[in-house]
Structure formats: structure tokens, C-alpha cells
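Heads up, the thing below is written out as C-alpha cells.
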Amino acid sequence: LGCIPRASVAAREMGEPLPAAAAKAGRGLVSGPGADYDQQLIAACGGPVPKFFPKCFEAWPAQHESGNGKVALVTGGAAGIGFYVAKLLARCGYQVILPARPGAEAEAAEAAGAIAGAVPGALVRVPDTPLDLASFKSVRAFAREVRGGLAGLDLLCLNAGRGGSAEDAREETEDGHEAIMQVNTVSHVLLTLELLPLLRGAPEARVVFQSSEARLDRSRRILGKARDIDGTDAQAFNAFDQYRLSKVAGCFAMQALNARLRQAGDSRIRVCVADPGLAATAINFQHNLMRSMFKLPNSPLTSWGNRWAHASGQHAADGALPMVLACVTPNLHPNDWFRPGGPKGRAGLPIKGDPAGHASHVDSQVDPLNTTCSSLWPAGSQELVWTQILACIGKDLVEALACTTVDISAAPAV
């Protein structure tokens, strides 16, 4: 998501709730990725200047295998963290596909132009069909166009997402599902399955889910909500908890996809997860963190706390690095996790993490990525969540796609 209007930020700083439309759309002051986009994000969303991204932008193309001849698709790649993921992948030689949101086609075109300006010779394409993750019909239409123009897809970065505050009402999509879960996880699973023929058409393909520290259920509130990923219990619904549950669901979807790919004898597609740390982006304002985490009323105090959270984090450009490392690191294994390497994993150069080895033992216990016996997640949680995702998108579709193959010789050239 892009950044929210500065007027909306000011309203929340004065203790007023963020307008729902602005929080959901994530559009506003930041006009689009350009030469001054780093500073635009700082002005609108707070946080420090990029610390690690500029060095990685220069060094990583020589340190990692070239992406020349390979194709990457980045959801949410027109703004925020996703823009920097796409920019660095282009710098590493990948042809990049940037989906446009309906009504924000100019934003995607400007992002593509900005990447081409920063990376001479970069190939960046914005499909004609926009991608609305709040609509299964849109996901299928977008995937249909992408399938028609490629022989294979090497990288699928599932980065796009939206947040929610504890005070936000439950929203339903046109498909009748809770909006945060559908946008962040369910539609991304559907997109992966729709593009599975292209992933199978690549010599080696990677799918990377964007996760968050919010998946760590230190309060033990999310454990009990895994039976209802659609958030249908009106009395128990909490939009911030729903965001956290969507990140849990993404981890379980990753594990389930890997398990089924292995069962099908397909070892060329590996699914992993990345965590951007505490990145200063619009989604933190959507969360209204002090209100959602500590149940404080909207006031100048909570606004100060929200600004402190931004200042304690890192720029969106640095938050993009774990996802890019997941894309370019050699010897990737299914279910690998990449995170910032600084204290508590909230900032720093990216590293491969150990879900069972958090600095806090409690964090290891409540991390859905932790599959050891120390996990507090009940046995069967992965299958419980995966079954609900399939129920949302249609199990027949999943079974059909599981049997789909691609005839590379008959597919159009990239």
C-alpha cells in the first residue's frame, strides 16, 4: 500500500481516528515513486532514511546469481516495501511484473518508470488487467492475462496487504469474505494456484509470502481464532487481531503448499516467507498501534506512541531486503524464513532466521513458523487453516490446478 493522506496522519496525531476510506486505500500525499520517493515516504510516514538498501542496491548484483532471463511478479510493487523489492530485483537482472490496483494504474506506471530510470535497461511491465485482491474474479482475470504472456515465472512475491485497527468494523469483500484475510492471504493463495502452471514452467521457482512480527501471538489471543479465519464472530472480531491472524495464515499456507508440492513430486517450486521488521509504512497508521496493542484511547499520547513506533523502525527500502534475499539467496529450502538481522529482528541487514531460536523463548513458542515440539500451536493448526482457505477459494479449483502442467515449447517467449 502507498501512504495515507498527510491530513489523515495529522488527524490521528490530534487523537482523531483515521478515516476508514483513507486507511483502506492507502493513497494520498505520496504522488508516486520518483527520484525523491525515499524522502516522500519519510515525510508522510515517518522513520529514518534508508540505511542498508543503497549498499545492497550496488553490491547484490555481483554477489548473487544474475536474474537475467528470469521473471518476477511483485504484488503491491507500485508503492512502499513492494516498490523497493521490485526495484532491487530489476537491479539484479529480473524482468519485473508490477500489478496495478484498479483506479491506481497511473501509480503503477509511474513506479515502472521510476525503476527503469534507476536501472538502465530494466524490463518492467504493468499488465493491462489490474489486480484487486479483494475480488477473486479480479485475481483470476489478472492471472489469465499473465499466463497468456509468459512461458514461465521464476519469482512470485506475495507482498501486498492491508492493516486494521482494533476499533475498525469488519468489512466483507464482494466474495462475502472478511477483507483483511482475503487481501493478505486467501487471494494470494488463489493467485499462486492460478499461476502454478507458470511456476512449473520455470527451471526453479520461488514463492515468497510477506509476513510480520504481528504473527507472534504473545497475548495468546490469536490461537483461539484460528478456527474462524473469516472473523464471523461479531463479538470477538478485532481488525488488528485479524491482521495478525492473516499473517499466521500466510505461514501455514506456505507450509501446506510446500507439503503438497513435495507430495506431488515437485521439488522445483519452493515456498518461503520474509519479515520486513518494523518498517515505517502506511500500514502502521492503519493499525493505530498504540490503540490496538495497548488499548489506549485515541489521544495526543497514542499519537506520540505511533510516531515513536515509526522512529524506532526502518525505512521501507530496508524493509524490502529480507524478501529480496529470499529471492536471490542460493540453496533455498522450503519453509525458510528471512528477517532483519538486528536486535529482535526489527531492523538491520537481512539474514535467514531460525523460528525456534528467537531471542525470546516465548516468541519461539508462539511463532507459527516453529514446527518443533516447543511450539504452542496445537497439532493440526496448519491443516485447520489451510482447509478454511480452500473452502474460500474452492477445493475443486485447487485439485484441478494440482494436475496442471505447462508445455514450455508451446508457450510464448518471454
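The values are calculated or read from the model by the stated rules, or taken from the named source; none is laboratory data. Worth saying up front: this structure is predicted, and the values here are computed from it rather than measured. Cβ placement follows ideal geometry from the backbone for every residue including glycine, while neighbour counts extend to all protein chains displayed. SASA here: full protein model, heavy atoms, side chains in, ligands and nucleic acids out. Shrake-Rupley method; radii C 1.70, N 1.55, O 1.52, S 1.80 Å.
Brief remarks follow.
- 27 Å Cα-Cα threshold exceeded, pairs from K51/K352; K51/K344; K51/K225; K55/K344; K247/K344: K51/K225
- Spin-label model, L376/D36: points 7 Å from Cα along the beta carbon direction are separated by 4.7 nm.
- The heavy atoms of K87 offer some 40 square angstrom of accessible surface to a 1.4 angstrom probe.
- Residue-span extension gain [T232 to D175] - 0.36 nm each, minus C-alpha spacing: 19.1 nm
- Efficiency of FRET between T387 and D266 - r from beta-carbon atoms, R0 30 angstrom, step 0.05: 0.90
- Compactness check for region 196-245: Cα Rg over 2.2 N^0.38 Å is 1.64.
- Viscosity 1.306 mPa s, temperature 10 °C, Stokes-Einstein D of region 216-277 from Kirkwood C-alpha radius, µm²/s: 119
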